[in-house]
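Undergrad: To start, I am sharing the structure in question, which I have written as structure tokens.
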Amino acid sequence: MIDDIHSDASTRMDKSIVAFEKELSKLRTGRAHPSLLDHLMVDYFGAPVPLNQVASVSVEDARTLAISPWEKDMVKVIEKAIMTSDLGLNPATAGTVIRIPMPPLTEERRGDIVRVARKEAENARVAVRNIRRDANGDLKDLVKEKMISEDEEHRGEDAVQKLTDSHVGKIDELLAIKEKDLMAI
């Protein structure tokens, strides 16, 4: 029973870290990365669809993304979607290929993005701590039902705390890497 609670908590904490990594990937550094456009929706015959379902997005060089629509008609629609997005990017079309140069980040903008990254890290830490609270609550319930002893509960809480500490450490590592990446010129 204690192992079940421990493995469930571990799985949920791992999912929190994956969600945090996904949020970090949305934060723009000076480098071009296809995931910057993952959340961009394009109007495809009246229905909004993700950009990656109507075109291929690739990295041309360190500061340029290249988008190749699968249909010629989609070039203008994709271009419009990029311009109206909150990304602040200016696409340049050459035939059927749309190139997006990444503008260099200003020092002020870098600081703003670092603050957002720290906020996301704190949200991830809170999620991990909430999972710890749930697991410890489950252990307390088992003690109340006399299914485990108080000593087993304490050992289970120690194991959950170690798990929490390791996951919070992983979040801190990911944040440090992203901050370093953001502050690199």
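The values are calculated or read from the model by the stated rules, or taken from the named source; none is laboratory data. If you're wondering where the values come from, they're calculated on a predicted model, not measured in any experiment. Positions of Cβ are generated from backbone atoms using ideal geometry, with glycine treated the same way; all protein chains shown enter the neighbour counts.
Undergrad: Examine region 75-84 for a residue that is of a type in the set (Lys, Arg) and more than 26 Å from Asp181 (Cα to Cα), and state whether such a residue exists. Don't jump to the end; show me each part of the working.
TA: Of all residues in region 75-84, those of a type in the set (Lys, Arg) come to 76, 80.
Filter once more, so that each one left must be more than 26 Å from Asp181 (Cα to Cα): 76, 80.
Taking every residue of region 75-84 in turn, at least one turns out to be of a type in the set (Lys, Arg) and more than 26 Å from Asp181 (Cα to Cα).
Undergrad: In the same structural domain as Ile148 (by TED's automatic domain parsing) and among the basic types (Lys, Arg): is that true of Lys15 in this structure?
TA: Considered against the rule, which asks whether it is in the same structural domain as Ile148 (by TED's automatic domain parsing) and among the basic types (Lys, Arg), Lys15 comes out as yes.
Undergrad: Go through region 60-74 and count every residue that is under 18 Å from Gly46 (Cα atoms) and not in a strand (DSSP E or B).
TA: Step one: list which residues in region 60-74 are under 18 Å from Gly46 (Cα atoms), which gives 69-74.
If we keep only those that are not in a strand (DSSP E or B) too, we end up with 70-74.
Matching residues across region 60-74 total 5.
Undergrad: List the pairs whose first member sits in region 3-23 and is among the β-branched types (Val, Ile, Thr), whose second member is surrounded by 14 or more Cβ atoms within 10 Å (Cβ to Cβ), and whose Cβ atoms are under 6 Å apart, counting only residues at least 6 apart or on separate chains?
TA: Filtered contacts from region 3-23: Ile5/Ala135; Ile5/Asp138; Ile17/Lys170.
Undergrad: Among residues belonging to region 1-32 that are farther than 14 Å from Lys178 by Cα and not in a helix (DSSP H, G or I), point out the one that is modelled with the highest pLDDT.
TA: Going through the qualifying residues, I end up with Met1.
Undergrad: Give the residues of region 150-178 that are closer than 22 Å to Lys15 by Cα, surrounded by 12 or more Cβ atoms within 10 Å (Cβ to Cβ) and not hydrophobic (A, V, I, L, M, F, W, C), sorted by residue number.
TA: Gly156, Glu157, Gln161, Thr164, Asp165, Ser166, His167, Lys170, Asp172, Lys178
Undergrad: How about region 29-69: which of its residues are over 17 Å from the mean Cα position of the chain (by Cα) and crowded, with 18+ Cβ neighbours inside 10 Å?
TA: Listed by number, the residues that qualify are Val42, Leu51, Val54, Ala55, Val57, Leu65, Ala66, Ile67, Pro69.
Undergrad: Go through Val114, Val77 for me and flag whichever is touching a residue at least 24 places away in the same chain (Cβ under 8 Å), assigned to a helix (DSSP H, G or I) and either closer than 30 Å to Val168 by Cα or hydroxyl-bearing (Ser, Thr, Tyr) (or both). Break it down into steps so the answer makes sense when it comes.
TA: On the way: Val77 fails: either closer than 30 Å to Val168 by Cα or hydroxyl-bearing (Ser, Thr, Tyr) (or both).
One residue alone meets the criteria, Val114.
Undergrad: If I filter region 135-149 down to residues being in contact with a helix residue (DSSP H, G or I) (Cβ under 6 Å, 6 or more places away or on another chain) and not β-branched (Val, Ile, Thr), which single residue comes out as nearest to Met13 (Cα to Cα)? Please lay out each step first, then the result.
TA: Start the filter on region 135-149 by keeping residues that are in contact with a helix residue (DSSP H, G or I) (Cβ under 6 Å, 6 or more places away or on another chain), which leaves 135-136, 138-139, 143, 148.
Now restrict to residues that are not β-branched (Val, Ile, Thr): 135-136, 138-139.
On the way: Ala135: 11, Asn136: 14, Asp138: 16, Leu139: 17 Å.
Among them, the one singled out is Ala135.
Undergrad: Still on this structure, please answer the following. Inside region 80-93, can you point out the residues that are in a helix (DSSP H, G or I) and of a type in the set (Val, Ile, Thr)?
TA: Looking only at region 80-93, we keep the residues that are in a helix (DSSP H, G or I), and these are 80-84.
Answer for region 80-93, where residues must be in a helix (DSSP H, G or I) and of a type in the set (Val, Ile, Thr): Ile82, Thr84.
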